[in-house]
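Heads up: the structure comes next, in structure tokens.
The values are calculated or read from the model by the stated rules, or taken from the named source; none is laboratory data. Predicted model only: the values in this text are computed from it and were never measured. No Cβ is skipped: glycine too gets one built from the backbone with ideal geometry, and neighbour counts run over all protein chains shown.
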Amino acid sequence: MISELLQEDPIVIALVERFDAAIEAGSLEHEQTILYVSAGSIVEVCTFLRDEHGFNRASSVTALDWYPQEPRFELVYLLHNVKDALRVRLKVRVSGENPAVDSVTSVWAGANWYEREVFDLFGVTFNGHPDLRRIMMPDDWEGHPLRKDFPIHGHKYDYGETNQ
Amino acid sequence: MSETLTPTATLEPVPNSDAGSTRKMTLNMGPQHPSTHGVLRVVLELDGETVLKAVPEVGFLHTGIEKQCETKTYQQVIPLTDRVDYLANLSNNLCYCLAIEKLLGIEVPPRAVWTRVMLTELTRINSHLVWLGTHALDMGAMSMFFYTTREREELLKIFEMFSGQRLMTSYFRIGGLALDHPRAGLEAVEKFLEMFPPKIDEYENLLDNNPIWKNRTIGVGVVPVDKMLAMGITGPMIRAAGIPWDARKDEPYSGYQNFEFDVPTRTENDVYARYRVRMEEMRQSVRIMAQALEGMPEGAYQADAPKVVLPQREKMKTQMEALIYHFKIVTEGVRVPPGEVYQVIESPRGELGYYVVSDGTSKPFRVHMRTPSFGNIQGLGMMCEGGMIADSIACMGSMDFVLGDTDR
């Protein structure tokens, strides 16, 4: 369901025309465009936005963990068109079971480290990523710290939580 | 002297099976290398002195700030934002506060807005001074560091006057400022603005008349600008490549549209151009500060939002409501309506963005910091490749990264 506020946005119109059902929903929050894209077409949507609408950089790629809801993860792509100072936020919902999505490093080389960070801290796999390994945590670390079921003090110390 | 210790008169040529073929060497630079300004490791693949490949490795300073934000109330996150980029702490304070104010929908009074602009520009000068000193130090111009530290000291005194802290200021709060201006605070800023501009000329004199500095910076570290943008590089480096992208102009925040200033750009896109851009930025910051000082409005320094802003101590002693609000804010925190926002500001290093998601409780559901250093360091590899080892030091210096900002 695309919000009425976005009905006249030229980028949203072009995206819906081109991808139709792959654009699942859209909303405008604090004058910022948010579009939900189906997981399968994120790379095509990003390529389209880069080539046709001048989104020449991905400001950041990050994720949200809606544990215990399902689909658990929401990947957030903060895209930016420098020339026209436009910003669009794409979101992809991913299930909590073996979360994986296609990598957008082929679209913007700079997505590399941001996807590695999401892989490291949320445990979401990016298919086709050239160098998918941990970036913040040590290589032998177990678990993914930014997940909501990861305790703030880590798994190393048990503060009586297991007895409850 | 025994015979074995006497050096042989003639040196026999050592037979070398690899003679003629190229041998690559892998060199670990860091994590404790002085020119990495923190704990950054760069794995260099070398052919002689030429860098074939440079792979930066980060994460040594990861402290899980984003995770910690989720366990604190909205107000308690502010001291954490200081510690992200410890050279541009007020920029981080500002970006976070603007994001939360957008979510809450509160308006900040003009006095607070003007003060915020004035002090974030002072932060930009602070950060650029540290950059200039250390960058020149890496390149062998040691005296520069003493001069910039001398001026930075004056500037830190101003921070101390306003916030009580030299480095970890936490001066901006949701809805305004922590405190009103201190006595003689504005006079101190005025004095600084009189003192500082001639010093910029002095720095330029020192460096531009130095042939070594020019030889080591001109034509070094050139990368196509499209690649830089796609790689996530932002800030002065992009402006040194000819693109006048500055969030203060393109996506004005905190009243920057009321100020007159130029966005300095260069087209050479080398280390020297980045130096010129940052020097000019310091002059523009002085210009903005002078305007902020001149037009500094009187009046409230905090928004009229009793559910968000801590009440004045005096009111707590006389008004029941103030005491109740104080109790509520301190024990429960501020409830922020559900929603999300991505707030961008122009930090001294580039695009600083806070992506904050609220689920309606008094603690943020997620705070993602899009920090400029993280994106910039990602492009370090392509900037160093093909150059000499010594050039990679120049490239690193021109990036002006802070490792706390990278690893969070």
Only one of B:Thr361, B:Thr406 that is part of a helix (DSSP H, G or I) and more than 9 Å from every other protein chain (Cβ to nearest Cβ)
B:Thr406
Out of (1) in contact with a helix residue (DSSP H, G or I) (Cβ under 9 Å, 6 or more places away or on another chain); (2) within 11 Å of chain B (Cβ to nearest Cβ), the one A:Arg87 does not meet is (1)
Regarding B:Ser373, is this residue within 14 Å of chain A (Cβ to nearest Cβ), polar (S, T, N, Q) and under 20 Å from the mean Cα position of the chain (by Cα)?
yes
Selected residue (only one of B:Asp250, B:Asp246 is in contact (Cβ under 8 Å) with a residue 24 or more places away in the chain and either within 14 Å of chain A (Cβ to nearest Cβ) or surrounded by fewer than 19 Cβ atoms within 10 Å (Cβ to Cβ) (or both))
B:Asp246
Give the number of residues within region A:35-55 that are more than 15 Å from A:Asn81 (Cα to Cα), in contact with a Leu (Cβ under 9 Å, 6 or more places away or on another chain) and hydrophobic (A, V, I, L, M, F, W, C).
4
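Residue-by-condition table, conditions (1) within 14 Å of another protein chain (Cβ to nearest Cβ); (2) polar (S, T, N, Q); (3) buried (at least 21 other Cβ atoms within 10 Å of the Cβ):
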| position | (1), (2), (3) |
| --- | --- |
| A:Gln7 | no, yes, no |
| A:Glu17 | no, no, no |
| A:Ala21 | no, no, no |
| A:Ser27 | yes, yes, no |
| A:Glu31 | yes, no, no |
| A:Ile42 | no, no, yes |
| A:Asp65 | yes, no, yes |
| A:Leu78 | yes, no, yes |
Identify, by number, the condition in (1) away from every other protein chain (no Cβ under 14 Å); (2) touching a Pro at 6+ places or on another chain (Cβ under 8 Å) that A:Phe73 doesn't meet.
(1)
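Quick grid of which residues meet (1) closer than 20 Å to A:Arg57 by Cβ; (2) of a type in the set (D, E, K, R); (3) within 13 Å of another protein chain (Cβ to nearest Cβ):
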| position | (1), (2), (3) |
| --- | --- |
| B:Asp180 | no, yes, no |
| B:Leu186 | no, no, no |
| B:Val189 | no, no, no |
| B:Asn209 | no, no, no |
| B:Ala230 | yes, no, yes |
| B:Ala241 | yes, no, yes |
| B:Gln291 | no, no, no |
| B:Glu294 | no, yes, no |
Please verify whether B:Ala322 is more than 31 Å from the chain's Cα centre (by Cα) and either under 25 Å from B:Met399 (Cβ atoms) or small (Gly, Ala, Ser) (or both), treating the condition exactly as stated.
yes
Can you confirm whether A:Arg89 is crowded, with 18+ Cβ neighbours inside 10 Å, within 24 Å of A:Val12 (Cβ to Cβ) and of a type in the set (Lys, Arg)?
yes
Report the residue count in region A:41-92 for those that are without any contact (Cβ under 8 Å) to a residue 60 or more places away in the chain and either in a strand (DSSP E or B) or under 11 Å from the mean Cα position of the chain (by Cα) (or both).
21
Filter region B:376-403 down to the residues that are outside any loop (DSSP other than H, G, I, E, B), within 13 Å of another protein chain (Cβ to nearest Cβ) and more than 16 Å from B:Thr50 (Cα to Cα) and list them by number.
B:Asn376, B:Ile377, B:Gln378, B:Leu403
Given (1) surrounded by fewer than 22 Cβ atoms within 10 Å (Cβ to Cβ); (2) away from every other protein chain (no Cβ under 14 Å), identify the lone condition not met by B:Arg124.
(1)
Quick one: B:Ala99 ticks every box in (1) crowded, with 24+ Cβ neighbours inside 10 Å; (2) out of contact with any helix residue (DSSP H, G or I) (no Cβ under 8 Å at 6 or more places or on another chain); (3) away from chain A (no Cβ under 11 Å) bar one, so which box is it?
(3)
Anything in region B:31-51 that is under 29 Å from B:Tyr86 (Cβ atoms) and among the polar types (S, T, N, Q)? List them, or say none.
B:Gln32, B:Ser35, B:Thr36
Identify the residue in region B:74-105 that is in a helix (DSSP H, G or I) and charged (D, E, K, R) and, among all such residues, is modelled with the lowest pLDDT.
B:Asp82
Going through region B:23-73 one residue at a time, which ones are closer than 24 Å to B:Gly140 by Cα, more than 14 Å from every other protein chain (Cβ to nearest Cβ) and assigned to a loop (DSSP other than H, G, I, E, B)?
B:Gly30, B:Gln32, B:His33, B:His37, B:Gly38, B:Gly48, B:Glu49
Just one of (1) within 10 Å of chain B (Cβ to nearest Cβ); (2) buried (at least 22 other Cβ atoms within 10 Å of the Cβ); (3) not aliphatic (A, V, I, L, M) trips up A:Glu115, so point out which.
(1)
Where in region B:137-234 are the helices (runs of 4 or more DSSP H), entirely inside, with at least 3 residues that are without any contact (Cβ under 8 Å) to a residue 24 or more places away in the chain?
B:143-163, B:185-208, B:225-231
Mind listing whichever residues of region A:93-129 are basic (Lys, Arg) and part of a strand (DSSP E or B)?
A:Arg93
What's the total number of residues in region B:344-356 that are over 20 Å from B:Thr71 (Cα atoms), in contact with a His (Cβ under 9 Å, 6 or more places away or on another chain) and assigned to a strand (DSSP E or B)?
3
